Amino acid sequence: MSLSKSQQLEYISHLVGECKKCNLYKTATNPVPGAGNPDAEILFIGEAPGAHEDQQGLPFVGNSGKLLDKLLNTIRVPRSDVFICNILKHRPPENRDPQESEIKVCTPYLKAQLKIIKPKIVITLGRFSMNYFFPQEKISRIHGQIRNITWQDLPLTIIPVYHPSAGLRNGAMLESLKKDFITIGKYLTAKG
Ligand code: URA
């Protein structure tokens with residue numbers, strides 16, 4: 001008997017909950033494996049949980065999440081349609097940047113999530129998730145671009161955008177995010 005997508009994702013969440021492959025579990029309150037529709041066509045990947053996410057065990061529920069919700073509204077995509085997760089599944093202390101070693105041991109969970117969900121479109125939020133697919137690229141150069149790739153035998157359309165937290169700190173970044181979401185909205189409309 002084969003497991004449903006939802007059961008497979010639950011298993012990944014269980015593994016994340018038990019994970020001791022780096023030290024972040026020691027300082028985190030809860031694991032934040034990701035959440036959303038197992039049949040999502042669109043998958044968002046952020047950086048790592050912040051304080052609110054760590055408290056609730058859910059991705060993008062703080063201020064960045066509120067901005068993400070607004071941006072989703074502008075393209076008329078309900079949050080319940082998409083899946084949202086992060087490069088790191090436990091909060092780094094003081095929201096410091098993810099370390100190379102943490103990314104290395106944590107991204108197999110992301111890879112498993114992508115292979116289970118098989119989204120058509122991946123929107124990367126910020127440079128760390130952009131670099132997961134395009135290690136040599138700069139977000140300032142490729143944000144807002146629509147890039148069709150084959151990743152692990154999976155055809156994916158990747159659209160990198162700035163991280164919502166950058167938009168909260170900097171007006172120009174916010175304008176850039178809004179513009180890139182207009183691009184995403186147009187792409188979705190054209191795709192049908
Ligand atoms: N920032 C992220 O990158 N991820 C979250 O889940 C919340 C804030």
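The numbers here are math on the coordinates, done by the rules we state, and not lab data. Keep in mind the model is a prediction, meaning the values are calculated, not measured. Note that each Cβ is placed from the backbone with ideal geometry, even for glycine, and that neighbours are counted across all protein chains shown.
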Practice task
Compute the distribution of all C-alpha to C-alpha distances in segment 9-48, in bins of 10 Å from 0, and list the percent of pairs in each, rounded to whole numbers.
Solution key: 24, 51, 23, 2
Handout entry: segment 148-169 residues near the modelled Lys115 label - backbone nitrogen below 12 Å, point 7 Å along Cα→Cβ
Key = 152-154
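If you place +1 on the Cβ of every Lys and Arg and -1 on the Cβ of every Asp and Glu, how big does the dipole about the Cα centre of the chain come out, in debye to the nearest 20? Provide the component values of the computation, followed by the final result.
Numbers: 25 positive and 17 negative charges, 71 e Å.
Computed about the Cα centre, the dipole is about 340 debye.
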Practice task
Find the centroid of the Cα atoms in segment 34-66 and in segment 114-192, then give the distance between the two in whole Å.
Solution key: 16 Å
Handout entry: Rounded D (µm²/s) - segment 2-153, Kirkwood Rh over Cα pairs, Stokes-Einstein at 20 °C, 1.002 mPa s
Key = 136 µm²/s
Completion exercise
With DSSP loop assignment and no more than 10 other C-beta atoms within 10 Å, the trypsin sites (Lys or Arg not before Pro) in segment 65-95 are Arg76
Handout entry: Cα coordinate range in segment 56-138, projected on the principal axes (Å, largest first)
Key = 37, 31, 27
Practice task
For the pairs Lys21/Lys111; Lys120/Lys186; Lys21/Lys66; Lys70/Lys120, note any where the Cα-Cα span goes beyond 27 Å.
Solution key: Lys21/Lys66
Exercise for the section: State, as an integer percentage, the relative contact order of segment 5-191 based on alpha-carbon contacts under 8 Å between residues 6 or more apart. Expected result: 23 percent
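Please give the calculated 222 nm ellipticity per residue for the chain, where each DSSP H segment of at least 4 residues contributes -39500 (n - 2.57) and the sum is spread over every residue; nearest 500 deg cm²/dmol?
For the chain, the value works out to -14000 deg cm²/dmol.
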